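Report on the following structure.
The values are calculated or read from the model by the stated rules, or taken from the named source; none is laboratory data. What you see is a predicted model, and the numbers here were worked out from it, not measured in a lab. Note: ideal-geometry Cβ built from the backbone for every residue, glycine included; neighbour counts use all protein chains shown.
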Amino acid sequence: MSAALKSLCFTLLASFVASGVVAAQAEPVHGVAMHGTPELPADFQHFTYVNPDAPKGGGVTYCVVGSFDNLNPFILKSMRTTARGVIDTIFGNLVFEPLMMRSADEPFSLYGLLAENVEMDEARTYAEFNLNPEATWSDGEPVTPEDVLFTYKAYTEKGRPPYSSRMAKIEKIEKTGDHSVRFTFNDKADREFPLIVAMTPIIPKHAFDIDTFDQTTLKPVVGSGAYRISEVEPGRRIVFSRNADYWGEDIPSKRGFDNFDKVTIEYFLNANSMIEAFKKGICSVYAESDPVRRQHGIDFPAAREGKVVSETFSNGVPPAVTGFFFNTRREKFSDPKVRRALAKLYDFGWVNTNVLRGEYERTLSYWQGSHLSALGKSADDRERALLEPYADRVTPDVMDGSYGKAEMAGSPIGRNEMREALKMLQEAGYSLEGNALVNAEGEALTFEILVTSEEGEKLAAVFQRALRKIGIGVSIRLLDDSQAQQRKQRYDFDVIIASVGFSGSLSPGIEQINRWGSAAAEAEGSFNLSGASDPAIDSMIDAMLNARNMDDYAAAVRALDRLLMSGAYVVPMQHDSDEWVAYWNDLAHPDKTPLYGYQLQTWWHKPDAD
């Protein structure tokens, strides 16, 4: 080869490297963050919000309202009646674990768990996970790359959303060593997706039959977590016993966790019976959002004697949005003008004064109180550019930041609000005939609200009373939890009181597809209860998932927030930013409360309390 040709080759190679066509080999890292780098160094010993020396022993009993008939959380059948605790955002992932563990004190950072480290290129076109050679299943079998491959095969062929759709963004999965597995992503993947893969629970190939994987089971399942299922009373009780040979007890991301020898989850038909069980000491912990119930619920002999402690925890994340979800699959709620008009008639001011003792704030934004919220802010240039193709989807008051001022003030609804709502409904084609609001075909606007608690029933009655004044007929149906879950799964409701998620987030991501994306609108079992199906929403979620810096990311989330507020898919109710918990004083918890609030899986039983 001539000197000139060699020179040309080196020049081209340098150009390819500079442009990213040829990338330098990435090094395995102990942790990864959605944006930037994780806060903890490679030699960290434990998360900052745990007690690494917490004593092991004793037991805890959590109590929930509902029932269960399944132990496999990854399938569609009985998806909403799977036993709590197997994988659980509140009680902890007691049985199954992911490749990496999320820190509760950072917006979105992951650290090694089943995988001790991960290698990713800057563009995140692949992720290679190096499994911890010490990782084992609860029956002693080692965790292998074959288990990871089997997990994705089972989820794809027989799993439920969102696990069943993971492979749509994966070009291939391959074993690259005795303890390593590599995911190569296709052009449908976004920058968050490798982290979603890292957070996906892994299941053992030898303990599941793929032919029957989609069938419900009450046989204790095998996982790699710190607990084994030791007792099952279908619909009533499930007991988890700590595995004395748990492989991960001393790895940094698990130190200070899983301190109880036994975790029991008791099920109750309603909240009142659960509260009475707490007073008797059957339940160890009682979390309550209703200030009236807090006062009445804690006023009993054991509490007055100091045997029960009540405590308020503060967190740094947006509040979870709870409200009335309109089922937009139904024609009566397909027009956003109708939904906006109805949303104006939730009388938060009256509720807060007469029911909630003035202790709550109105919820209007899906990321309220954070830099990701669009509430009270005029759209910046980045947001306007993203929303430009969908200008008709965002109302002027939401775009300029003036939306919600009256609602946030908390004044009870009066005649002016009634007239404004009625005017909007008339613009949408409705008119008053006698005492009924009817459409152009003469059909009265009526609907049913599904509720699952007495508290929800009270709030629905307030909404019902205001709507009745403008000729809208509303009925309220109180269902038990299992009935409501079945109706949710089939989208068999007009309006339902529900939550957008268990908690708010400072790092919204792929879960927004399942909550608001068009693809989830008709998928059975998705969390898109409202049936939202709008290219504008899909576009903002896509922009959010592919943002390369925090400014672009925040702009995409705020643009999504504006679309959700303008679309009025939900009538958000109210929130209390603090978390109130009562617990029996044989329990203790770490001093520090992390960003995402108190973490029950870091609590412990006091050795001297027996």
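Close Cβ contacts (under 7 Å, 6 or more residues apart or on different chains) running from residues in the range 314-332 that are without any contact (Cβ under 8 Å) to a residue 40 or more places away in the chain to residues that are outside any loop (DSSP other than H, G, I, E, B) are absent. Annotation note: of R562, R477, R548, the sole residue that is charged (D, E, K, R) and closer than 30 Å to T125 by Cα is R548. Checked against (1) over 16 Å from the mean Cα position of the chain (by Cα); (2) in the same structural domain as W584 (by TED's automatic domain parsing); (3) of a type outside the set (K, R), P73 meets all criteria but (1). Going by the structure shown, is V321 modelled with pLDDT of 90 or more and under 21 Å from W603 (Cβ atoms)? Taking the combined requirement at face value, the residue does not satisfy it.
All conditions in (1) surrounded by fewer than 16 Cβ atoms within 10 Å (Cβ to Cβ); (2) over 27 Å from N528 (Cβ atoms); (3) at pLDDT 95 or above hold for S475, with the sole exception of (2).
Screening the range 362-396 for residues that are without any contact (Cβ under 8 Å) to a residue 40 or more places away in the chain and under 18 Å from A536 (Cα atoms) and picking the one that is surrounded by the most Cβ atoms within 10 Å (Cβ to Cβ) gives R384. Among the residues of the range 397-449, the ones that are among the acidic types (D, E), touching a residue at least 24 places away in the same chain (Cβ under 8 Å) and closer than 20 Å to N327 by Cα come to 1 in all. Checked against (1) in contact (Cβ under 8 Å) with a residue 12 or more places away in the chain; (2) closer than 24 Å to K344 by Cα, K488 passes all but condition (2).
Residues checked against (1) touching a residue at least 40 places away in the same chain (Cβ under 8 Å); (2) of a type in the set (S, T, Y); (3) closer than 20 Å to T89 by Cα; (4) out of contact with any Lys or Arg (no Cβ under 9 Å at 6 or more places or on another chain):
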| position | (1), (2), (3), (4) |
| --- | --- |
| I497 | yes, no, no, yes |
| I513 | yes, no, yes, yes |
| W516 | yes, no, no, yes |
| A523 | yes, no, no, yes |
| N546 | yes, no, no, no |
| N549 | yes, no, no, yes |
| A554 | yes, no, no, no |
| A568 | yes, no, no, no |
| H605 | yes, no, no, no |
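Only residues that are assigned to a helix (DSSP H, G or I) and not polar (S, T, N, Q) were counted across the range 164-187, and they come to 4. The residues of the range 33-46 that are assigned to a loop (DSSP other than H, G, I, E, B), touching a residue at least 60 places away in the same chain (Cβ under 8 Å) and touching a strand residue (DSSP E or B) at 6+ places or on another chain (Cβ under 8 Å), listed by number, are M34, P38, E39, L40, F44. Would you call K458 among the basic types (K, R) and touching a residue at least 60 places away in the same chain (Cβ under 8 Å)? For K458, the condition - among the basic types (K, R) and touching a residue at least 60 places away in the same chain (Cβ under 8 Å) - is met. In the range 189-198, how many are surrounded by fewer than 20 Cβ atoms within 10 Å (Cβ to Cβ) and modelled with pLDDT of 95 or more? Selection size over the range 189-198: 1. Does the range 221-229 contain at least one residue that is of a type in the set (V, I, T), crowded, with 19+ Cβ neighbours inside 10 Å and under 30 Å from E454 (Cβ atoms)? No, the range 221-229 contains no residue that is of a type in the set (V, I, T), crowded, with 19+ Cβ neighbours inside 10 Å and under 30 Å from E454 (Cβ atoms).
In this structure, does R102 turn out to be surrounded by fewer than 21 Cβ atoms within 10 Å (Cβ to Cβ) and either of a type in the set (S, T, Y) or modelled with pLDDT of 95 or more (or both)? Against the criterion (surrounded by fewer than 21 Cβ atoms within 10 Å (Cβ to Cβ) and either of a type in the set (S, T, Y) or modelled with pLDDT of 95 or more (or both)), R102 qualifies. Could you tell me how many of the residues in the range 444-461 are more than 26 Å from F268 (Cβ to Cβ) and either in a helix (DSSP H, G or I) or aliphatic (A, V, I, L, M) (or both)? Residues that pass the stated criteria total 2.
Applying the condition of being of a type outside the set (D, E, K, R) and within 22 Å of V65 (Cα to Cα) to the range 446-460 and asking which residue is modelled with the lowest pLDDT yields S453.
Applying the set (1) outside any strand (DSSP E or B); (2) modelled with pLDDT of 95 or more to R80 leaves exactly one unmet item: (2). In the range 593-610, of all residues being among the hydrophobic types (A, V, I, L, M, F, W, C) and not in a loop (DSSP other than H, G, I, E, B), the one that is farthest from C63 (Cα to Cα) corresponds to A609.
Given the range 343-421, what helices (runs of 4 or more DSSP H) lie entirely inside it while holding 2 or more residues that are in contact with a helix residue (DSSP H, G or I) (Cβ under 9 Å, 6 or more places away or on another chain) and among the aromatic types (F, W, Y)?
Answer list for the range 343-421: 348-354.
Output the residues belonging to the range 97-126 that are closer than 20 Å to G501 by Cβ and part of a loop (DSSP other than H, G, I, E, B). Of everything in the range 97-126, those that are closer than 20 Å to G501 by Cβ and part of a loop (DSSP other than H, G, I, E, B) turn out to be S103, A104, D105, E106, P107, F108.
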